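Here the structure comes first, spelled out in structure tokens, and everything after it is commentary.
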Amino acid sequence: MELFGNYLLAFIETGGLFAPILFIGCHLLRPLFFLPVVFICISGGILFGALAGTLYSVIGITLSSVIFYGVIRWMPKTFSRLVNLKRKIIGSNSKLTTSQIAILRLVPFIHFHLLSLCLIEISANFKDYTRSSLFSNIPLAFVYTSVGKWISSLSPMYIFVFLVALLPLIYILRRKEIIIKWNDFFQVSTQ
């Protein structure tokens, strides 16, 4: 992966005026090569600087989320399987808010499109999903692009402290209500 990353950076650096388009294209091709979003955002900070790198990363990540929405709606069986898997992992009665998803996107090892799936579930339509996706992608792009070199040189202890500091924010920004249907609460046993 390191060799591919170095090749990718060299290719974008020599892209000239097309470098931003190549960089946004890398965001779109990222799921095919199993590259983490954090790696691409940090690369954007190194290549373009904090402001331009953040802008290009937000565009690329949001376009990737929109493509995910289209692909997952095109395959309803896969969508239902992923929703069932998400319910097994997170729980059936927990719904994350857009603010919580924005914070969870800052955690490097949480799957990006699993959180996009959570956004699909809480969104009313495509426009709402796109708006929520854009809102939740901005902190990710800003943090990892603007402090890319700093994050890449952190020790594991500092990363652990950062993740522990995020936990209270996830709790504070949670949805304050849980709706449990009558049939789910009182399950009828068949004998």
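The values are calculated or read from the model by the stated rules, or taken from the named source; none is laboratory data. These numbers were taken from a predicted model, which means no experiment stands behind them. Quick reminder, even Gly has a Cβ in these numbers, built from the backbone with ideal geometry, and neighbours come from all protein chains shown. All accessible areas refer to the heavy atoms of the entire protein, side chains included, with ligands and DNA or RNA removed. Shrake-Rupley method; radii C 1.70, N 1.55, O 1.52, S 1.80 Å.
A few remarks follow.
- For the stretch 80-91, 3J(HN,Hα) per residue [Karplus equation, 6.51 cos²θ - 1.76 cosθ + 1.60, θ = phi - 60°, Hz, x = Gly/Pro]: 5, 5, 5, 5, 5, 5, 4, 5, 5, 6, 8, x
- Note, ³J(HN,Hα) from phi for the stretch 104-111, Karplus 6.51, -1.76, 1.60, rounded to Hz, x at Gly and Pro: 5, 5, 6, 7, x, 9, 8, 4
- Spatial separation of Cα centroids for the stretch 42-89 and the stretch 100-153, in angstrom: 8 Å
- Highest average packing first - 52-62, 99-109, Cβ atoms within 10 Å: 52-62, 99-109
- The mean accessible area for residues of the stretch 33-75, using a 1.4 Å probe and ignoring ligands and nucleic acids, is 47 Å² per residue.
- GNM flexibility winner over the chain from SER80, SER155, SER133 (Cα, springs under 10 Å): SER155
- In order through the stretch 70-79: 3J(HN,Hα) via Karplus (6.51 cos²θ - 1.76 cosθ + 1.60), integer Hz, x for Gly, Pro: x, 5, 6, 6, 6, 10, x, 5, 5, 4
- Here's the picture: charge each Lys and Arg Cβ at +1 and each Asp and Glu Cβ at -1 in the chain, and of LEU106, PRO156, PHE142 the one pushed furthest to the positive end of that dipole is LEU106.
- Relative to the longest principal axis of the Cα atoms of the chain, the long axis of helix 156-172 lies at roughly 40 degrees.
- Note on the chain: with charges restricted to the Cβ of Lys and Arg (+1) and Asp and Glu (-1), its dipole about the Cα centre is near 640 debye.
- Protection proxy ranking of 168-176, 24-32, 36-44, 89-97, by the mean of other Cβ atoms within 10 Å over each peptide's residues and highest first, is 36-44, 24-32, 89-97, 168-176.
- Within the accessible surface of the chain, defined with a 1.4 Å probe on protein heavy atoms only, the carbon and sulfur portion equals 70 percent.
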